[in-house]
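Asker: Just dropping this structure here.
Please treat every number below as a calculation from the coordinates, not as lab data. Predicted, not measured: the structure shown is a model, and the values here were computed from it. Cβ atoms come from the backbone with ideal geometry, glycine included; neighbour counts cover every protein chain shown.
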Amino acid sequence: MEGSSLYQTYSRANLEFVRGEGVWLETSDGRRFLDCAAGIAVNSLGHSHPGLVKALKDQADKLWHVSNVYAIEGQEAFARKLAQATFADRVFCTNSGAEALECAIKTARRYFYAKGEPERIDIITFEGAFHGRTLATIAAGGQEKYLEGFGPKAPGFIQVPFGDHEALLAAIGDTTAGLLIEPIQGEGGIRPVPTEYLRELRRLCDDKGILLILDEVQTGVGRTGKLFAHEWAGITPDIMAVAKGIGGGFPLGACLATEEAASGMKPGTHGTTYGGNPLAMAVGNAVLDVVLADGFLDSVQKKGLLLKQKLAAVVDGHPAIFEEIRGKGLMLGLKCRVTNTELLSHFREAGVLAVGAGDNVLRIMPPLTITEAEIEEAVSRIDQAATAMEAGLERGAAE
Ligand SMILES: *Cc1c(COP(=O)(O)O)cnc(C)c1O
């Protein structure tokens, strides 16, 4: 943007929102958009959720920050809730997804170090993965576009093609600490790992005595209709990174682990200044209370099916625009035949927001609180956007 003093690392859309309510976002000149991007799967309970606003305001009146050298009541409660609801025994709070992954990677390496196998440092990841933008997590993600120009790739990350089991077997060796995978690749283009293959990965890790690390930063906290996506496969990881939806818009992440996997993380081995501070915990606890309430996840499953079914009809109706719909719950991807970013402009003109991804996909990830009527409205706007783009293609062909 002209006159901006910011790092020019984003090519930002010419859209500036000043308020939000539920699934709606509004610009200063009063234009309203139906938000099917949710800040990239962050605004899990929509904008200005009254319960979250109250939790944050009440905490702001009491105490903002103290440091992790003191006991933090909200952090204990938050960790207890997560431990009760998942495989995990131990929780480390962070401010972001990348930091949750950093903690996961350190936990895995430290586990083997403490067991007397310090040579086991390698984490195997999968092509198309995205794990964050720190030096370790760009090495884990393995994408050249994020690594280029930042010096030597951090050691200890080996990447294999997505779904190539032979390559995976060949990559596992004496220096392997674990596998790191997203149950559904988000940035990679809503590429789900088949549930049977997730089970196979769990078996493989058990056989080889290595750790299964899941990146549920995007798939977690109800996004797929379960609290965490791995539950669909009936397996549990040893370590898991969480962020995005868990803060509902407040910067918050967490690394979860079993007692065994976390056993190397002794006092002094890791830390964070802000992670899990009272403000973040007030919001994180409020998000978990809503998502874990009776019937909430069932409603996400139901709405996810409805949205997918209706979008499938739109895909069928516009074969020149769309190739397929994929994904689970409210984490859906429209694989495009036209350039996804061009289609995204038509979405915006129709007053609906989505977010691009790899493999020429547009991600549809509305707040989990979207209503059935709002789903109808979103689908109708997406249909309108596809029709407008089609008309453009036909005009182009006629010229
Ligand atoms: C967004 C994302 C990250 C990184 O999270 P940040 O909060 O941006 O650091 C890591 N993994 C996955 C799967 C993500 O979607």
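Asker: Out of the stretch 5-80, which chymotrypsin sites (Phe, Trp or Tyr not before Pro) are coil in DSSP terms and have no more than 16 other C-beta atoms within 10 Å?
Answerer: Answer by residue number: 7, 10, 64, 70.
Asker: What are the residues whose amide H is under 5 Å from the amide H of residue 160, where those residues sit 5 or more places off or on another chain and H is modelled from the backbone?
Answerer: 125, 126, 127
Asker: Just to be sure I understand: if I project the alpha-carbon convex hull of the stretch 1-129 onto a plane and average over all orientations, what area do I get in nm²?
Answerer: Computing the convex hull of the Cα atoms and averaging its projections yields 13.3 nm².
Asker: Can I ask one more? Express the relative contact order of the stretch 7-96 as a whole percentage, based on alpha carbon pairs under 8 Å and six or more residues apart in sequence.
Answerer: Result for the stretch 7-96 is 15 percent.
Asker: Enumerate the calculated ³J(HN,Hα) couplings along the stretch 220-228 in order (Karplus 6.51 cos²θ - 1.76 cosθ + 1.60, θ = phi - 60°), each rounded to whole Hz, writing x wherever the residue is Gly or Pro.
Answerer: x, 6, x, 4, 9, x, 10, 4, 10
Asker: Enumerate the calculated ³J(HN,Hα) couplings along the stretch 156-167 in order (Karplus 6.51 cos²θ - 1.76 cosθ + 1.60, θ = phi - 60°), each rounded to whole Hz, writing x wherever the residue is Gly or Pro.
Answerer: With coefficients 6.51, -1.76 and 1.60, one gets x, 10, 10, 10, 10, x, 4, x, 9, 5, 4, 4 Hz.
Asker: Then there's this: Could you rank the peptides 317-325, 253-261 by their average count of other C-beta atoms within 10 Å per residue, with the highest value first?
Answerer: 253-261, 317-325
Asker: Give me the percent relative contact order of the stretch 273-390, please, defined on Cα pairs under 8 angstrom at least 6 residues apart.
Answerer: Relative contact order comes out at 24 percent.
Asker: Could you go through the stretch 80-92 in sequence order and give the Karplus-derived ³J(HN,Hα) for each residue, using 6.51 cos²θ - 1.76 cosθ + 1.60 with θ = phi - 60°, rounded to whole Hz, and x for Gly and Pro?
Answerer: Along the stretch 80-92, the couplings run 5, 4, 5, 5, 5, 8, 9, 6, 7, 10, 10, 9, 10 Hz.
Asker: Using only Cα atoms, locate the centre of the stretch 78-122 and the centre of the stretch 123-198, then give the distance between them in Å, rounded to an integer.
Answerer: Taking the Cα centre of each part, the stretch 78-122 and the stretch 123-198 sit 17 Å apart.
Asker: Here is a follow-up. Cα extents of the chain along the three principal axes, largest first, in whole Å?
Answerer: 69, 55, 48
Asker: Helix 195-208: angle to the longest alpha-carbon principal axis of the chain, degrees 0 to 90, nearest 10?
Answerer: So the inclination is approximately 20 degrees.
Asker: Moving on. Can you work out the FRET efficiency for the pair residue 206 and residue 166, with r the C-beta to C-beta distance and R0 = 22 Å, to the nearest 0.05?
Answerer: Step by step, r from the Cβ atoms, then E = 0.70.
Asker: Taking the Cα centre of the chain as origin, work out the dipole magnitude from +1 charges on Lys and Arg Cβ and -1 charges on Asp and Glu Cβ, in debye rounded to 20.
Answerer: It works out to roughly 620 debye.
Asker: Residue 89's amide H: which non-local residues (gap 5+, or another chain) put their own amide H closer than 5 Å, with H modeled 1.01 Å from N in plane and none for Pro or chain starts?
Answerer: Counting only residues 5 or more places away or on other chains, the set is 257, 258, 259.
Asker: Now for a different question. Along the Cα→Cβ direction, 7 angstrom out, place labels at residue 117 and residue 85. What is the inter-label distance in nm?
Answerer: Placing both labels 7 Å along Cα→Cβ, they lie 3.3 nm apart.
Asker: Hey, another quick one. In Å³ and rounded to a whole number, note down the convex hull volume per residue for the Cα atoms of the stretch 1-77.
Answerer: Hull volume over Cα atoms, normalised by residue count, gives 184 Å³.
Asker: Kindly rank 180-189, 155-164 from highest to lowest mean number of other beta carbons found within 10 Å of each residue.
Answerer: In descending order of packing, they fall as 180-189, 155-164.
Asker: In whole Å, how far is the Cα centre of the stretch 266-327 from that of the stretch 209-257?
Answerer: 10 Å
Asker: Any chance you could give the angle, 0 to 90 degrees and rounded to 10, that helix 97-114 forms with the longest Cα principal axis of the chain?
Answerer: Taking the Cα atoms of the chain, the angle to 97-114 is about 20 degrees.
Asker: Taking 25 Å as R0, compute the FRET efficiency from the Cβ-Cβ separation of residue 153 and residue 199 and round it to 0.05.
Answerer: 0.20
Asker: Amide H to amide H, which residues 5 or more places from residue 248 or on other chains are under 5 Å from it, using H placed in the peptide plane?
Answerer: Long-range HN contacts for residue 248: 44.
Asker: Can you tell me how much longer the chain between residue 28 and residue 10 gets when fully stretched, taken as 0.36 nm per residue apart minus their C-alpha distance, in nm with one decimal?
Answerer: Computed gain between residue 28 and residue 10 is 4.3 nm.
Asker: Then there's this: Taking 8 Å as the Cα distance limit and 6 or more residues as the minimum spacing, I'd like the relative contact order of the stretch 45-127 as a percentage.
Answerer: 11 percent
Asker: Can you check how the C-alpha radius of gyration of the stretch 222-372 compares to 2.2 N^0.38 Å, as a plain ratio?
Answerer: Computed over Cα atoms of the stretch 222-372, the ratio equals 1.25.
Asker: Could you point to the residue in 305, 343, 56 farthest towards the positive end of the chain's charge dipole, with +1 and -1 charges on the Cβ of Lys/Arg and Asp/Glu respectively?
Answerer: Of the candidates, 56 comes out farthest on the positive side.
Asker: With unit charges on the beta carbon (Lys/Arg positive, Asp/Glu negative), name the residue among 258, 245, 230 whose Cα is farthest towards the positive pole of the charge dipole of the chain.
Answerer: 258
Asker: Another question, then. What residue among 45, 88, 9 has its Cα farthest toward the positive end of the dipole of the chain, where the charges are +1 on Lys, Arg and -1 on Asp, Glu, each on the Cβ?
Answerer: 88
Asker: On a 0 to 90° scale, report how tilted helix 296-317 is relative to the longest principal axis of the chain, with both axes built from alpha carbons and the result rounded to the nearest 10.
Answerer: 50 degrees
Asker: Using only the alpha carbons of the stretch 63-291, determine the length spanned along each of the three principal axes and report them from longest to shortest in whole angstroms.
Answerer: 52, 37, 37
Asker: Springs between alpha-carbon atoms under 10 Å, Gaussian network over the chain: tell me which of 52, 204, 311 tops the mean-square fluctuations.
Answerer: 204
Asker: For residue 373 and residue 305, FRET efficiency with R0 = 22 Å and r from the beta-carbon atoms, rounded to 0.05?
Answerer: Given R0 = 22 Å and the Cβ-Cβ separation, E is 0.85.
Asker: Which lysines have a Cα lying under 24 Å from the Cα of residue 244, excluding residues fewer than 8 positions away in the same chain?
Answerer: 54, 57, 81, 106, 145, 226, 302, 303, 308, 328, 335
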